[in-house]
Amino acid sequence: MSAAVARWAPPLGFVVVLFAVVEVLSRTGVLPPDIPAPSAVAIALVRELGDGSLTLQLATTLGTWAVAFAIAVALAIVAGLLMGTIPLVYDAFSTLVDLLRPVPSVSMIPLAILFFGLGAEMRIVMIVYAAFWPMLVNTLYGVRSVDPVTLDTARNFGTSGIDTLARVVLPAALPGIATGIRVSASLALAVTVTVELVAGDSGIGHYIAQAEQSSRIAPMYAAIVLSGLTGWLINAGFARLEDRVVFWSPSVRRSAEAG
Amino acid sequence: MTNGAVAARRDRVLEVVDLQKRYGAGTLAIERISLDVCRGEFVSIVGPSGAGKTTLLKTICGLLAPTSGRVLLDDKLVTAPPPEMVLVFQDYARSLFPWLTVTANVAFPLRKKRLGAGEKASLVLEAIDAVGLTAFAGHYPWQLSGGMQQRVAIARAVAFRPEILLLDEPFASVDALTRADLEDLTLRLRAEFGITMLLVTHDIDEAVYLSDRVFVLSPPPSVIVREIAVPLSQPREQERTRSDAAFLALRNEIHRLIGQHPERTPAP
């Protein structure tokens, strides 16, 4: 109990103090009106969620995110397994991966609009593109870090190629895959909000842009806070899932011992 | 009478003929090795560190292709790992699957065998029991000590019911007491399941203690310096066997052979 207090008191205390200071400075007019009081943002958040206007946008954003993220994960795992297990495929594509991966995905938005227009298709393509790379790189890392002794063991027992892939390589690569899922889930959400903001007709990003244009400052902040909270929850959720699925991985075991 | 003739009479399981292994186009790891193992026999190959012992075992069990020469198991040419031959790796931590429990690890290689589910389950239980890990069947390998992990690896090999078990320095990474335990466990399993054993080790005492015959390996590129029969009485017992005058004479002879780095004429 006291350990939990010691752990959480400093960070929570800091946040409370910070909010209190901003609250006072904002209410007394020291801060410009573009920075509303935290209480006003909180009230706006509850109101907009309550009357459904922000809830609907959140649902739209999460829907787009989920579809695109699932596509990215599926594509990247297949690509990662192919590249990780077939040297020829790796040699053929690794340079391309190294060239494309560092290109900021957001810089591709104009190109995506050119090819796919302003609709949902363009948004999905952008999110898939952005989420694909960290997913691929982590999957590839997982597959390529499979211990040669582990593979020799499987071969020694006459394990078939398919069995080795499904029952040895895939589980051994799971820690890398899980990290990829966690990292690209957060990234996919960020890009979802971005494309909604730049070229959307719905979603949290679109809501933020609209609120800004109509000078509804507190609701704009409320939507930003909501997207932040969503990202945090997604990351925390996948981190938990990761700990449960790859509980046997040395890195998870180490952090469990340390924690 | 030649060794070959004696071996044939004693029912030869494994025959290695003029085996040579070169890494790619480069280093010659094994110059030329011929040896044989008879059914039910415990044979050791002892050599200095870096003598290509692991390479030799991996080539014998079909994980590596020989540069020249051949390996015959029951008179059949080995070109890929045959189901009658299983290798126990030195590095148990890397050989066991950390995402599987002890039971699932031991059951892993049985998937391919044409046996009923009940038969497979009883093979697994029997093997785990034989290495004394029944109480830990539901644990994960990384929850166990090094010696226990190597027991799991040995149980997995035994459950597969190979004709011959190849052991690659299997006790090199555990403490001395555990090591003696595992040595005696290996002898017990050999008696209980009738498995032929081929061990490579750099530990001369261990080779003599466990074996019926010992092949002494030169430094690389390896050849066999000497074949030595070990006429010590069975069953072996750590203290009694190791203080036997014959044991000491044998280990000293092997020490001398390994220590003197014999002059060798290059291969023709």
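Each value in this text was obtained by applying a stated rule to the coordinates, not by laboratory testing. A quick note: this is a predicted structure, and the numbers were derived from the prediction, not measured. In this analysis, Cβ positions are derived from the backbone assuming ideal geometry, glycine residues included, and neighbour counts consider all displayed protein chains.
Charged neighbours of B:VAL71, selected by a Cβ distance under 13 Å, balance to -1 (K, R count +1; D, E count -1). Taking the C-alpha atoms only, the angle from helix B:176-193 to the longest principal axis of chain B is near 80 degrees.
Averaged over the residues of B:91-98, the number of partner chain Cβ atoms lying within 10 Å of the residue Cβ comes to 5. Other residues within the sphere of radius under 15 Å centred on the Cβ of A:ILE162, judged by their own Cβ, net out at +3 (K and R +1, D and E -1).
The fraction of all Cα pairs in chain B landing in successive 10 Å bins from 0 to the largest distance is 7, 29, 36, 22, 6, 0, given as whole percents.
For B:LEU64, the residues whose amide H sits under 5 Å from its own are B:THR59, ignoring neighbours fewer than 5 places away on the same chain, with H placed 1.01 Å from N.
Can you give me the angle between helix B:146-159 and the longest principal axis of chain B, using Cα atoms only, in degrees from 0 to 90, rounded to the nearest 10? Here the helix axis deviates by roughly 90 degrees. With only Cα atoms counted, the range A:157-259 has Rg and Dmax values of 19.9, 69 Å. Mean separation of Cα pairs under 8 Å and 6 or more residues apart, divided by the residue count, gives the range A:52-258 a relative contact order of 25 percent. Please compute the contact order of the range A:1-133 in relative form: average sequence separation of alpha-carbon pairs under 8 Å and at least six residues apart, divided by the residue count, as a percent. Normalised by residue count, the contact order of the range A:1-133 is 22 percent. Across peptide A:239-251, the average count of Cβ atoms from other chains found within 10 Å of a residue's Cβ is 2.
Return the whole-Å distance between the Cα centroid of the range A:175-192 and the Cα centroid of the range B:115-143. Cα centroid of the range A:175-192 versus Cα centroid of the range B:115-143: 38 Å apart. Step through the table entries B:LYS53/B:LYS113; B:LYS76/B:LYS113; B:LYS53/B:LYS112; B:LYS53/B:LYS120, compare each Cα-Cα distance with 25 Å, and write down the pairs that go over it. With Cα atoms farther than 25 Å apart: B:LYS53/B:LYS113; B:LYS53/B:LYS112; B:LYS53/B:LYS120.
Taking Cβ atoms as reference points and 12 Å as the exclusive limit, the residues near A:MET122 contribute a net charge of -2, counting Lys and Arg as +1 and Asp and Glu as -1. Restricted to Cα atoms, chain A shows a radius of gyration and a Dmax of 22.5, 77 angstrom. Calculate, in whole percent, how much of the Cα-Cα pair population of the range B:97-161 lies beyond 14 Å. Value for the range B:97-161: 47 percent of Cα pairs lie more than 14 Å apart.
Note on chain A: GNM, Cα springs under 10 Å; of A:VAL245, A:VAL183, A:VAL15, the largest mean-square fluctuation is that of A:VAL15. When shorter helices are ignored and each DSSP H run of at least 4 residues is given -39500 (n - 2.57), the per-residue value for chain A at 222 nm works out to -27500 deg cm²/dmol. Sorted into 5 angstrom bins from 0, the C-alpha pair distances of the range B:1-137 split as 2, 8, 15, 17, 16, 15, 13, 9, 4, 1, 0 percent. With Cα atoms as the point set, the radius of gyration and Dmax of the protein assembly as shown evaluate to 32.1, 109 Å.
Taking the range B:98-246, how much of its Cα-Cα pair set, in percent, is spaced more than 18 angstrom apart? Of all Cα-Cα pairs in the range B:98-246, 61 percent lie more than 18 Å apart. Taking all Cα pairs closer than 8 Å and separated by 6 or more residues, the relative contact order of chain B comes to 25 percent. Tell me the angle of helix B:245-259 to the major Cα principal axis of chain B, expressed in degrees between 0 and 90 and rounded to the nearest ten. The helix B:245-259 is inclined about 70 degrees to chain B.
Take each residue of peptide A:142-153, count the partner chain Cβ atoms within 10 Å of its Cβ, and average: the result is 4. Using a Gaussian network model of chain A whose springs link C-alpha atoms within less than 10 Å, name the residue from A:LEU31, A:LEU75, A:LEU174 with the highest mean-square fluctuation. So, out of A:LEU31, A:LEU75, A:LEU174, the one fluctuating most is A:LEU31. For the range B:137-183, the convex hull spanned by the alpha carbon atoms encloses 81 Å³ per residue.
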